[in-house]
Amino acid sequence: MLGVHAGTFLGELAGWRWAFAVMGAFALAVAGLLAAVLPPLPASAALRLGAFPGLLRNARLRAGLLVVLSLVTGHFAAYTYVRPVLERVPGLGAGLISGLLLVYGVAGIVGNFTGGALAARDPRRALLAISASLAAVVLLLGPAGGSLLASVALLVAWGLAYGGVSVSTQQWILAAAPRAREAASAAASRRSPCSSPGLRKGRPPNNRDRPHRRTYEKSVSP
């Protein structure tokens, strides 16, 4: 979440080439650090494709996968329009919007740890709180467009809430399938297909709406 907005912010300041160079160097450094400090984590059993159909007979797991699909699709459908909404806020230029999206990314990191702590105790309540928070933010962000303070507060709340989605759904799904953790985790980790419907819903037909197109190109995170 932070990387997309940090790259956008850096691109606004120094150009896309510097953004690519810095992010590439940072990714190499992180890869080296992970290889050096992470212990080996062998799977408890071989993972086969035949394990996935059996998982779908688990009602609680199906509910978790449906939650993942709904939250991620709704998030991307709405998030496509963040920049046009922020452009309506008085006093916000392009540079400030990029800075606010960077703050959103930082809030997402905080939300990841906060959501993980809540989900470790009760993943169901954590996901209910996240879903309610995301719904409230999306509903209020448009009407709050005339207030800089309200818009910033809602954007930070959005980052905090969505930052907890992945870890909370992961906790739910692992708890739902304790004897098939590797297969359940693999099923839950496929968030990119879930994002595609949201991107298609958020993208305007034929890209005729230029402000929305800029948002799709600059603001949507993977």
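The values are calculated or read from the model by the stated rules, or taken from the named source; none is laboratory data. No experiment lies behind these values; they were computed from the predicted model shown. Methodologically, a virtual Cβ is constructed for each residue, glycine included, from the backbone with ideal geometry; neighbour enumeration extends over all protein chains shown. These accessible areas exclude ligands, DNA and RNA; they are computed on the full protein's heavy atoms, side chains included. Shrake-Rupley method; radii C 1.70, N 1.55, O 1.52, S 1.80 Å.
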Can you work out the Karplus-derived ³J(HN,Hα) for every residue in segment 16-27? Use 6.51 cos²θ - 1.76 cosθ + 1.60 with θ = phi - 60°, whole Hz, and x for glycine or proline. 5, 5, 5, 4, 5, 5, 5, 5, x, 5, 5, 5
Accessible heavy-atom area order of ILE109, ILE173, highest first, probe of 1.4 Å: ILE109, ILE173
Mind ordering 78-88, 119-129 by average Cβ neighbours within 10 Å, highest first? 78-88, 119-129
log10 I(q)/I(0), Debye, Cα-only segment 136-180, no solvent, q = 0.26, 0.27, 0.32 Å⁻¹? -0.84, -0.87, -1.03
So who's got an amide H within less than 5 Å of the one on ARG88, skipping anything under 5 residues away but keeping other chains? H placed 1.01 Å off N, in plane. none
How far is it, in nm, from the label point at LEU33 to the one at ARG121 when both lie 7 Å from their Cα along the line to the Cβ? 2.9
Using a 1.4 angstrom probe on the protein heavy atoms only, could you order LEU69, LEU55 from most to least accessible area? LEU69, LEU55
